[in-house]
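Derivation of every value follows stated rules applied to the coordinates shown; laboratory data play no part. Being a predicted model, the structure only gives us computed values, none of them experimental. As a convention, Cβ positions derive from the backbone with ideal geometry for all residues, glycine included, and neighbour counts pool all protein chains shown.
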Amino acid sequence: MNLDARVPFVPPFPTSEFHERVERMRKAMRFHKLDAVLLTSEANVEYLSGFWTLFAWNSVSRPWHFILPLDGEPIGVIPEFGEY
């Protein structure tokens, strides 16, 4: 089966939009005195990072996370598959 026929392609937002979303989040983090946020839900990870995949949320035993520190680069925590 051709996955492209089942799942429409949604282009990621521009890099400038990513930076604006990160800055809005960091503004809220400063207001609430948070050093970092850990995003664990599909909707929140997709919204903030722009990362979308058909397979990321199918496994409850291998969760995907996104960490946004107040300072520094965002971190994607993505499990390896097939490794023990």
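Here are some notes:
- Added length on full extension, which subtracts the Cα-Cα distance from 0.36 nm per residue, residue 33 to residue 61: 6.9 nm
- A cut-off under 13 angstrom between Cβ atoms defines the neighbours of residue 40, and their net charge, with Lys, Arg +1 and Asp, Glu -1, is -1.
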